[in-house]
Amino acid sequence: MSAYDFKNQNTTLVHICCSVDSHHFLTELLERYPHKNFCGFFYNPNIHPFEEYEMRLSDVKRSCEMLGIPLIVGEYHCKEWLEGSKGLECEPEKGERCGFCFDFRLRKSAEVAHKIHCVEFTSTLLASPLKAQEELFSRGEKIAQEAHVSFLAIDVRSKGGTKIQGERAKSAKLYRQNYCGCLYALKQQREKSQKIPFELFSTLNIPKEARNLPALRLRNFKRRTELERENQDYKIVRHKVQCYRLLKGLLTCKGEVIPSFICNHSFLSRVTKSHIDFWNRGVGYADKEGILLLEFESFAEFLGVKDFWELLREGLSDEIQLALRYKLYPKGFLASPIVIVEQKLQEFCLEIVAQVQEEILEDFIPLTSSQESL
């Protein structure tokens, strides 16, 4: 932050929470205050997990570049935020936890504004229709007085502002998150929908860049960056996807744990003892639940993995795991549990605990010149 000093430059520091709010908020500031200068400040230790934080930061950087706004990135003080929110975990949305969270971020924003000689500060939280605007005005004013700076209280929601915000977000093709940011609100929201917060679950049987939903989105949005660098027009498509998460997997033989890789879309209703009827071309056919054991060496080339332990460390992409199911049974979707082992087994006990639920994921479709004219 030492590189920034806005002394005598009439600069307002704008705390930024997300691109959807900031794109609208900053656009309004630029239009309403042409005599002022603005600098963004991304400070959101409340956002969990870290991959979601990275996703939102990436989108904010893109938005600020589009608007010509310099951006300061604050530290990810996750530990401090979690310690400060102890005892507020069960508070409802817009309750005391949200008040703590507002103050936590606004105080840091005021501190930075004072340090780099901004004349005032404000926050894009004011643009969110899910936040209490008057409460933010009050908290912002109080914190500004304590930090010896001014607070810019601006209403960008009324007179159709919220509708305009949505239109601007769509036009700029921004990432639209589906929860405020903190793990407590996410958990409450998911429980209300009778779902597991997959955002907070990382599974080891797929690669690191796609092990939880935010990581997967971050990877997918890189395609948007590629298309824009190529000046290729595109559309954002939101797909409904059945996401699988392996919560527990255990293969044993005579009481000994056997290292194994359990493939996506493998399910068992209970712990199952079984044995292999016969092996054929590296596939062991069990006598119960359609279970298939695969000898690693026979499938290493297809999987594109050098050795068995690399498979356990790095995981396999969803695409390869689905292709493996099709390879084993090209007549339809194979629902059998599939377990990859280093060496052949005969007797075994298998436990699988897994969850599958519908999620919305973004994809980016490049357009041809003929499509663009439709």
Checked against the structure, the computed percent of Cα pairs over 26 Å apart among (i) 50; (ii) 54; (iii) 60 is the one labelled (iii)
Restricted to the chain, the DSSP antiparallel beta bridge percent, nearest 5, is 65 percent
Where the chain is the region considered: accessible area per residue in Å², 1.4 Å probe
51 Å²
Enter the angle in degrees (range 0 to 90, nearest 10) between the Cα long axis of helix 161-171 and the first principal axis of the Cα atoms of the chain, meaning the one along which they spread out most.
50 degrees
Please identify, among THR122, THR27, THR203, the residue showing maximal mean-square fluctuation in a Gaussian network model of the chain using a 10 angstrom Cα cutoff.
THR27
On Cα atoms only, tilt of 318-328 relative to the major axis of the chain in degrees
20 degrees
On the accessible surface of the chain, probed at 1.4 Å, how many percent belong to carbon and sulfur atoms?
50 percent
Tell me the label-point distance for the pair LEU250, GLU228, using the 7 Å Cα-to-Cβ offset, in nm and rounded to one decimal.
4.7 nm
Global geometry of the stretch 127-171, whether rounded, prolate or oblate, following the gyration tensor of its Cα atoms and the 1.5 cut on a/c
prolate
Too long at a 24 Å Cα-Cα cut-off: which of LYS36/LYS108; LYS240/LYS306; LYS208/LYS306?
LYS240/LYS306
Quick check: residue separation of VAL356 and ASN8 times 0.36 nm, minus the Cα distance between them. What number comes out in nm?
119.6 nm
Given the Cα-Cα distance of LEU30 and LYS94 and 0.36 nm per residue of separation, how much length would full extension add, in nm?
20.1 nm
If one compares the long axis through the Cα atoms of helix 213-229 with the longest principal axis of the Cα atoms of the chain, the angle in degrees, nearest 10, works out at 70 degrees
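The values are calculated or read from the model by the stated rules, or taken from the named source; none is laboratory data. All of these numbers come straight from a predicted model, not from anything done at the bench. All Cβ positions, even for glycine, are placed from backbone atoms using ideal geometry, and neighbour counts span all protein chains on display. Protein only, heavy atoms only, side chains kept; ligands, DNA and RNA dropped before computing areas. Shrake-Rupley method; radii C 1.70, N 1.55, O 1.52, S 1.80 Å.
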